Amino acid sequence: MDRRKRTLWTYYLFKATTSYGFYLPFSTIYLVHQGYGLDVIGLAQSAFLFAMVAAEVPAGYVADRIDRRTTLAAGNALSAASLGAYPFVASATGWIVLYGLWGLGAACHSAIGEAWLYDLLAQRTEESSFARTSGRGATVELVVSAVSAVAASLLYALDPALPFLANAVLSAAGVPLLFTLPATRNGKESVISISETLHALKLQLHRGEVRWLVAYAALFNVLFSVTRWLEQPALEAVGIPVTSFGLLYAGFKLVTAGATSTTGLLQEHLGARGFFLLLLPVCGIAYAMVHFLPLVVVPVLLLRRALDRVSRPIRNQYLNDRLEGVGRATILSGVSMALHLASGAGNAVFGQVAEATGPMAFLPVAGVGVVLVAGLLWVATDPVREPVSGVGPAASASPADSDAADLDAADAADLDATDAAGTD
């Protein structure tokens, strides 16, 4: 095997170590069975998201200035430490701190792994294969997640601590793998300051076609985030055995993969405006049905995953079409951070409400409530507007286009990172 192929296969092995398939099927229900309420779980999820937001830009800056492999290794090490400590935390404060540290680790992964991969390929003038290589890495992660989710059911039946410890070992295995991969060029010449990043984001958010789309997307982001960590208590409430969660989550992963493959068709036939408008009746009806037919919660959870996955690239395509080339990646990163902030605040607030009402009573109210607010926003602001004449993605490749491609793949990396904490 030549050096190029060996490097790519090592990269795919590293992507396998970023899977959280052992952890995910029992992430929330484990805490519930330990006696913690949904209010505590909501605060822990918020701590993860707030820590990730606070550290994302500094982590990227450090990675560009020092070494991306070291930053990625720190992310795997923090994930391994968090998962290894999972069965041994014994207080609400401890859980909040643990998730905060885990959020720092997620920030060390976020877009940095994709930046490393793009630079590696660019050094060999193979940057045109970035999307394909990144996609294969995501597929490896997805397959490993599905297989390990099935294994997690067996481990949980033996001892509830075992799935978390198994995932800790998997994450830890990524650290030595990273240092067998080649270093890539340092980005010192192209690094902009954090203040410049925030200024560029502020300028773009003054534009109505950007600002109101972000606000509209944030409402659904909050709904999807809260639903994600309430799904396990909801599944248990409708009588699904906890020991079958591993198989169920393996199915979730496969359905999500299938849904993701339809993104291009939806973009082509509906466009951003049609897709985001369709979220109103689809989410409103689906969440309302849970109130009348509790078992509908299972297909609603599948729908939530599909819509969350599909909405991200459609949202970023809409934004890409309206952003100038310079700073494109910076703005999309800023939008992602804004959405994480909204989700963190929503988790903190709605966790208190869900604890008081129970997940099955809360989900229909949350879904219908978000849809009503989003509907009013749609009427009042027209958040998803038609493309401005002459504005769109460039036909030819440029550094800005590279930034955009980098962020599209980085968005997938964000999914992996937030999925780790159960926010997907």
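The values are calculated or read from the model by the stated rules, or taken from the named source; none is laboratory data. Owing to the predicted nature of the structure, the values given are computational and were not obtained by experimental measurement. Every residue, glycine as well, gets a Cβ built from its backbone with ideal geometry; the counts of neighbours run over all protein chains shown.
For this structure, a couple of remarks:
- Count of segment 77-97 residues, restricted to those that are part of a helix (DSSP H, G or I), closer than 20 Å to residue 171 by Cα and either in contact with a strand residue (DSSP E or B) (Cβ under 8 Å, 6 or more places away or on another chain) or not small (Gly, Ala, Ser) (or both), is 7.
- Annotation: of all residues in segment 37-57 being more than 19 Å from the chain's Cα centre (by Cα) and assigned to a helix (DSSP H, G or I), the one that is farthest from residue 358 (Cα to Cα) is 40.
- Annotation note: of 44, 16, the sole residue that is among the aliphatic types (A, V, I, L, M) and farther than 21 Å from residue 337 by Cα is 16.
- Condition met for residue 152 (surrounded by 22 or more Cβ atoms within 10 Å (Cβ to Cβ) and in a helix (DSSP H, G or I)): yes
- Pick from segment 1-25, criterion among the hydroxyl-bearing types (Ser, Thr, Tyr) and in a helix (DSSP H, G or I), ranking: farthest from residue 105 (Cα to Cα): 7
- Filter result for residue 28 (among the polar types (S, T, N, Q), surrounded by fewer than 21 Cβ atoms within 10 Å (Cβ to Cβ), in contact with a Phe, Trp or Tyr (Cβ under 9 Å, 6 or more places away or on another chain) and assigned to a helix (DSSP H, G or I)): no
- Residue list for segment 70-83, restricted to those being crowded, with 17+ Cβ neighbours inside 10 Å and over 21 Å from the mean Cα position of the chain (by Cα): none
- Condition broken by residue 228, with the remaining ones in (1) assigned to a helix (DSSP H, G or I); (2) surrounded by fewer than 18 Cβ atoms within 10 Å (Cβ to Cβ); (3) modelled with pLDDT of 85 or more satisfied: (2)
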